[in-house]
Protein chains: 2
Amino acid sequence: MAVIGIDLGGTKTAGIVLNGESIVARDRTDTDASSQESVLSCLLEMGARMREAAERLGLSVNALGLGIAGFIDFERGVVTEAPNHPLKDARVKDILEAETGLAVFVDNDANMAALAEARMGAGKGSRYLVHLTLGTGIGGGIIIDGRVYRGAQGAAAELGHMIVLEDGPLCNCGARGCLEALSSGVAIYRRVEEAAAAGRASPALEEFLADPLAFSAEALGRHADAGDGLAREIFQAAGHHLGTGIASLVNVFNPDVVTLSGGLLGCLHHMEEAMLRSFRETAIAISRDHVRILRSTLGDDVGALGAALLARESLS
Amino acid sequence: MAVIGIDLGGTKTAGIVLNGESIVARDRTDTDASSQESVLSCLLEMGARMREAAERLGLSVNALGLGIAGFIDFERGVVTEAPNHPLKDARVKDILEAETGLAVFVDNDANMAALAEARMGAGKGSRYLVHLTLGTGIGGGIIIDGRVYRGAQGAAAELGHMIVLEDGPLCNCGARGCLEALSSGVAIYRRVEEAAAAGRASPALEEFLADPLAFSAEALGRHADAGDGLAREIFQAAGHHLGTGIASLVNVFNPDVVTLSGGLLGCLHHMEEAMLRSFRETAIAISRDHVRILRSTLGDDVGALGAALLARESLS
């Protein structure tokens with residue numbers, strides 16, 4: 001039996017078909033996030049496309065897993081709140097089950113990434129895993145005793161909203177000094193803005209000032225690769241905070257593995273030294289010496305793969 | 001069948017006999033922490049005394065639970081490292097089992113407090129509970145799905161060593177800005193020292209300067225009760241950081257309950273307002289609105305009671 005995994009992103013929706021340990025089909029489309037209906041038909045379309053792909057390979061499909069950024073009530077399959085989609089108390093599981101006839105399971109996208117890493121990725125085989133998705137924001141997933149940890153209402157693992165620097169920069173969540181406000185793509189962009197406002201000069205800032213809206217952490221990464229000192233400094237600051245955040249998580253969870261995925265991975269080499277330094281200075285020895293901090297090995301498949309694994313494991 | 005619970009503290013050792021839901025005997029002695037042998041005989045003595053107390057009541061005892069501050073390998077019953085006792089890689093379970101003939105279970109003391117709160121205390125019946133012991137240091141315990149969470153090596157739940165204020169005050173663990181360095185008895189004492197060094201004046205500081213070694217957070221609490229502005233200010237600062245730390249934990253765990261115990265509870269009324277304010281400002285709404293933050297209702301019994309519950313539940 002094959003299963004379908006879908007990762008509903010703010011701009012892209014990824015789908016895969018998982019058969020045993022192999023991804024036998026994958027696709028990617030733009031997400032139409034204009035309304036709840038458009039999001040649901042985007043999901044149904046991807047589901048139908050993946051099902052056809054499976055059937056062309058002679059595989060029948062019995063379940064569909066779905067990862068979405070936001071607060072999810074996993075038991076009921078309801079999206080309580082989603083930052084990037086017009087889904088509010090949306091009974092996504094019920095709706096998709098009625099439309100497809102498949103068993104459908106819905107969970108937070110970073111939880112799904114954590115599950116994928118623990119089963120088939122960098123943390124394969126680990127019982128205790130903490131995952132961070134480093135992108136525009138910072139998402140988190142926790143695997144405890146081999147299973148996704150969701151907390152009392154499915155709102156757990158908001159690891160980007162651990163406070164690392166009290167009274168620090170304002171975060172999108174309204175609090176100050178969250179890890180996300182210090183080490184995410186948004187935080188890096190903010191440091192670029194601040195450097196520009198302070199009148200600093202560098203090739204990266206020139207590109208930023210020419211077209212601020214087109215600029216991104218990835219663009220800054222290219223300048224850092226080319227030797228731009230300011231760009232490197234900004235990544236090191238983000239890495240320093242990230243290492244502190246990871247140390248807090250390691251002190252709290254004593255995990256086997258911390259895995260990192262997301263759009264910022266391509267810039268991680270500029271953050272890594274500062275990250276590992278502050279991590280080592282901060283984490284408790286016994287946990288620090290046990291844990292491995294690893295990059296995701298699953299690339300763009302990570303979210304959809306986790307969703308497929310969730311579906312398969314929830315069925316059995 | 002009754003069980004024995006022992007809480008081995010740095011200065012006091014508490015023992016209880018638990019029968020059903022009732023503590024039918026309790027005792028308390030000084031801990032002789034001069035050597036591994038002295039600690040073990042202190043434990044054996046308390047165990048024997050509790051066993052006799054049970055037998056006088058016509059109860060037979062089949063297990064003994066033990067809580068110790070430190071890193072514990074629960075499966076093997078080995079105390080890897082203990083801050084207040086000369087136990088290093090000590091096979092406490094094996095030694096006590098050989099001497100007593102009872103089944104013995106050893107765990108971290110703050111884990112035991114968390115278990116007691118989840119079963120019979122302020123968090124009775126909750127599946128997801130986070131516990132903080134606020135004393136000289138800050139200990140932590142986590143209950144997930146009704147069970148103690150220990151992590152990969154039993155070193156989890158070092159909640160006092162979450163970083164709340166990066167590059168903040170130095171902690172005993174060597175890191176900076178840990179919750180323990182901001183909101184514990186030691187942190188409060190440090191603020192008193194700093195206020196004295198800064199030449200500030202208040203009745204609390206007069207008492208402190210007259211005999212610094214005799215001074216404590218409890219003494220500061222008496223001055224705050226009497227209206228000492230500086231004393232109140234110090235507690236409010238500690239409460240502010242504590243609220244931020246609790247918010248981080250709530251964002252990470254989405255628990256039903258956060259319970260607080262320990263020597264500082266007597267001063268909590270001076271910290272509470274600032275604690276709840278920073279907690280509310282910082283925690284994510286969905287988790288914040290669900291969780292209850294509660295004082296322990298178990299008093300001095302909390303650690304020994306948790307140890308007894310651990311023994312009973314580990315047997316069955």
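The values are calculated or read from the model by the stated rules, or taken from the named source; none is laboratory data. The structure presented is a predicted model; accordingly, all values stated were derived computationally and were not measured. Counting neighbours? That spans all protein chains shown, and the Cβs are built from the backbone with ideal geometry, glycine included.
Among the residues in region A:76-84, are any more than 14 Å from every other protein chain (Cβ to nearest Cβ) and either under 19 Å from A:ASP300 (Cβ atoms) or of a type in the set (A, V, I, L, M, F, W, C) (or both)? Steps first, please.
Initially, region A:76-84 is screened for residues more than 14 Å from every other protein chain (Cβ to nearest Cβ), giving A:76-77, A:84.
Keeping just the survivors that are either under 19 Å from A:ASP300 (Cβ atoms) or of a type in the set (A, V, I, L, M, F, W, C) (or both) gives A:84.
Checking region A:76-84: at least one residue is more than 14 Å from every other protein chain (Cβ to nearest Cβ) and either under 19 Å from A:ASP300 (Cβ atoms) or of a type in the set (A, V, I, L, M, F, W, C) (or both).
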### Query
outside the structural domain of B:ALA69 (by TED's automatic domain parsing) and surrounded by 23 or more Cβ atoms within 10 Å (Cβ to Cβ): does that describe B:TYR149?
yes
### Query
Which pairs do you get when a residue that is more than 9 Å from every other protein chain (Cβ to nearest Cβ) and closer than 14 Å to B:ARG176 by Cα, found in region A:274-296, comes within reach of a residue that is outside any strand (DSSP E or B) and hydroxyl-bearing (Ser, Thr, Tyr), reach meaning Cβ atoms under 9 angstrom, with the pair 6+ apart or on two chains?
A:PHE279/A:THR244
#### Entry: Positions within region A:248-262 being under 14 Å from A:THR282 (Cα atoms), facing chain B (nearest Cβ under 8 Å) and in contact with a Phe, Trp or Tyr (Cβ under 8 Å, 6 or more places away or on another chain), in sequence order
A:ASN254
### Task
Filter region B:268-289 down to residues that are within 14 Å of B:VAL258 (Cα to Cα) and buried (at least 18 other Cβ atoms within 10 Å of the Cβ), then give me how many there are.
6
#### Entry: Hits in region A:11-27 (condition: exposed (fewer than 15 other Cβ atoms within 10 Å of the Cβ) and over 15 Å from A:LEU309 (Cα atoms))
A:THR11, A:LYS12
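Tell me which residues, restricted to region A:97-111, are of a type in the set (A, V, I, L, M) and either closer than 16 Å to A:GLY47 by Cβ or surrounded by fewer than 16 Cβ atoms within 10 Å (Cβ to Cβ) (or both).
Answer for region A:97-111, where residues must be of a type in the set (A, V, I, L, M) and either closer than 16 Å to A:GLY47 by Cβ or surrounded by fewer than 16 Cβ atoms within 10 Å (Cβ to Cβ) (or both): A:ALA98, A:LEU102, A:ALA103, A:VAL104, A:VAL106.
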## Note on the structure
Note on region B:112-134: residues basic (Lys, Arg) and either farther than 29 Å from B:ARG91 by Cα or surrounded by 24 or more Cβ atoms within 10 Å (Cβ to Cβ) (or both) are B:LYS124, B:ARG127
### Query
How many residues does region B:152-184 contain that are more than 18 Å from the chain's Cα centre (by Cα) and facing another protein chain (nearest Cβ under 7 Å)?
7
#### Entry: So A:ALA187, is it free of Cβ contacts under 8 Å to residues at least 24 places away in the same chain, more than 7 Å from chain B (Cβ to nearest Cβ) and assigned to a helix (DSSP H, G or I)
no
### Message
So A:GLU206 passes all but one of these: (1) part of a loop (DSSP other than H, G, I, E, B); (2) of a type in the set (D, E, K, R); (3) without any contact (Cβ under 8 Å) to a residue 24 or more places away in the chain; (4) more than 30 Å from B:VAL148 (Cα to Cα). Which condition number does it fail?
### Response
(1)
### Query
So, in region A:141-151, of the ones that are in a loop (DSSP other than H, G, I, E, B) and at the interface with chain B (Cβ under 9 Å from one of its Cβ atoms), which residue ends up nearest to A:LEU115 (Cα to Cα)?
A:TYR149
### Message
Checking the structure you have, find out if any residue of region B:234-244 is outside any helix (DSSP H, G or I) and either aromatic (Phe, Trp, Tyr) or within 10 Å of chain A (Cβ to nearest Cβ) (or both).
### Response
no
### Message
Restricting to region A:20-48, count the residues that are charged (D, E, K, R) and in a loop (DSSP other than H, G, I, E, B).
### Response
2
### Lone unmet requirement of (1) out of contact with any strand residue (DSSP E or B) (no Cβ under 7 Å at 6 or more places or on another chain); (2) at pLDDT below 95 for A:THR11
(1)
### Task
Could you check how many residues of region B:287-315 are modelled with pLDDT of 95 or more, in a helix (DSSP H, G or I) and among the aliphatic types (A, V, I, L, M)?
8
### Query
So, of the residues in region A:49-66 that are in contact (Cβ under 8 Å) with a residue 40 or more places away in the chain and either within 15 Å of A:ASP94 (Cα to Cα) or assigned to a helix (DSSP H, G or I) (or both), which turns out to be nearest to the chain's Cα centre (by Cα)?
A:LEU66
### Query
Listed residues A:ASP73, A:ASP94; which is free of Cβ contacts under 8 Å to residues at least 40 places away in the same chain and surrounded by fewer than 21 Cβ atoms within 10 Å (Cβ to Cβ)?
A:ASP94
### Task
Name the residue, out of A:GLY263, A:GLY239, A:GLY245, that is over 21 Å from B:SER248 (Cβ atoms) and in contact with a helix residue (DSSP H, G or I) (Cβ under 9 Å, 6 or more places away or on another chain).
A:GLY263
### Task
Determine whether region B:120-140 contains at least one residue that is modelled with pLDDT of 95 or more, over 18 Å from B:VAL252 (Cβ atoms), of a type in the set (Phe, Trp, Tyr) and not in a strand (DSSP E or B).
no
